[in-house]
Amino acid sequence: MIIFLTILITFLIANNQVLISGASNGLMLWYNNILPLLLPFMLISGLLEKAIINSNKVSSKKSVFTILFLGLFCGYPIGAKTNASFTRANVISNTLGNILLPICNNISPMFFLGFVMNNILKNSISPILAYAVIYLPYLIFLALELLLINVNKKPVADKPIYKKSTIENKNIAEESIMQITMVGLYIMLCSILTEFILCSTWFSNQIKLLLVGATEITRGITYISQSYTLNTQIKTALILSFTSFGGISSIMQTKNVLQGSGLSLIHYICIKVLCAISTFFLYILLV
């Protein structure tokens, strides 16, 4: 480990301009776009979680609706954060939480319509088609997992004992600020990694497209959209596929908010990868 860290520090010092550029791009992306949009949603979702969990008539159905509503409309990592909060408080079971996690933790409609559809795809395809190829695989995997649970006669949701103190004793504002700060850190790290990939001579342009797309969604799909080596169909399919996946940055953000919940990050990553691949081939088949 000491040898590895020494080599890493030496490498970063030797490439300090790439390091500075990547860190600067990541921090500016977080400051200008992520912070003003995500922090209010984190504060509101935290207050909503507290109100629901501490209510006298809390139910699994109400919790599932809240998880899906916040996740699908607020974007990363709000869905995972809400899911983890309800799982920690035993409002829903770990089994149900793991099943919901991949579909509830996705991009927000504002980012999808404003950035992906308008800025990247230039509204060249129908938003309905785009949403269909992204979310249909998630719905299929959701149905298959629920069917598998039913066949094995395992309870999707039990009647747990609520741990209200986990919500009552936490400071919503402090927790939200800490989480949004960690989001910024992960975006910066992935932006640095993206910069090193783009400046590297080790990879071909095609490999760079895949690596950057899988690292950070904003820089990734922008880089793919500017490629001259891909035809329009493949380029659009890749953009939608990496939009579905969300990038390593979103996985790191998800890992941070899942701490102490017992939810499986491995299961989440596997479903995300399978859905991203399915989105790619589904678009190719439909267009």
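Can Leu19 be described as surrounded by fewer than 20 Cβ atoms within 10 Å (Cβ to Cβ), within 20 Å of Tyr186 (Cα to Cα), at pLDDT below 70 and not hydroxyl-bearing (Ser, Thr, Tyr)?
Spelling it out, Leu19 is indeed surrounded by fewer than 20 Cβ atoms within 10 Å (Cβ to Cβ), within 20 Å of Tyr186 (Cα to Cα), at pLDDT below 70 and not hydroxyl-bearing (Ser, Thr, Tyr).
Looking at (1) open to solvent by 50 Å² or more (accessible area, probe 1.4 Å); (2) under 23 Å from Met178 (Cα atoms), find the lone condition where Asn94 falls short.
(2)
Please work out which residue is most open to solvent (accessible area, probe 1.4 Å), limiting yourself to region 258-279 and to residues that are under 22 Å from Gln179 (Cβ atoms) and either touching a Gly at 6+ places or on another chain (Cβ under 9 Å) or hydroxyl-bearing (Ser, Thr, Tyr) (or both).
Only one residue tops the list, namely Gly262.
Take the residues in region 186-225 that are polar (S, T, N, Q) and outside any loop (DSSP other than H, G, I, E, B); name whichever of them is nearest to Phe112 (Cα to Cα).
The qualifying residue nearest to Phe112 (Cα to Cα) is Thr218.
For every residue, the table says whether it meets (1) of a type in the set (Phe, Trp, Tyr); (2) open to solvent by 80 Å² or more (accessible area, probe 1.4 Å); (3) modelled with pLDDT under 75.
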{"residue": "Val151", "(1), (2), (3)": "no, yes, yes"}
{"residue": "Pro155", "(1), (2), (3)": "no, yes, yes"}
{"residue": "Lys159", "(1), (2), (3)": "no, yes, yes"}
{"residue": "Thr166", "(1), (2), (3)": "no, no, yes"}
{"residue": "Ile180", "(1), (2), (3)": "no, no, no"}
{"residue": "Cys190", "(1), (2), (3)": "no, no, no"}
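Condition check: open to solvent by 30 Å² or more (accessible area, probe 1.4 Å), within 29 Å of Val91 (Cβ to Cβ), under 12 Å from the mean Cα position of the chain (by Cα) and of a type outside the set (Asp, Glu). Does Ile251 satisfy that?
Criteria not met by Ile251.
Does region 125-136 contain at least one residue that is modelled with pLDDT of 90 or more and either over 21 Å from Ile217 (Cα atoms) or of a type in the set (Asp, Glu) (or both)?
Among the residues of region 125-136, not one is modelled with pLDDT of 90 or more and either over 21 Å from Ile217 (Cα atoms) or of a type in the set (Asp, Glu) (or both), which makes the answer no.
Taking Lys235 as the residue in question, decide whether it is touching a Ser or Thr at 6+ places or on another chain (Cβ under 7 Å) and open to solvent by 10 Å² or more (accessible area, probe 1.4 Å).
yes
Going by the structure shown, is Tyr228 part of a helix (DSSP H, G or I), more than 15 Å from Asn106 (Cα to Cα) and hydroxyl-bearing (Ser, Thr, Tyr)?
no
Is it the case that Leu43 is under 25 Å from Thr218 (Cβ atoms), at pLDDT 70 or above and surrounded by fewer than 23 Cβ atoms within 10 Å (Cβ to Cβ)?
Criteria met by Leu43.
Identify, please: which residue in region 60-114 is under 20 Å from Cys275 (Cα atoms) and not in a helix (DSSP H, G or I) and is, among those, farthest from the chain's Cα centre (by Cα)?
Filtering first and then ranking leaves Ser108.
The values are calculated or read from the model by the stated rules, or taken from the named source; none is laboratory data. Just so it is clear, the structure is predicted and the values come from calculations on it, not from any experiment. FYI the Cβ positions are ideal-geometry reconstructions off the backbone, even for glycines, and counts take in every protein chain you see. Ligands, DNA and RNA are stripped out before the accessible areas are found, and what is left, the full protein with its side chains, is counted by its heavy atoms. Shrake-Rupley method; radii C 1.70, N 1.55, O 1.52, S 1.80 Å.
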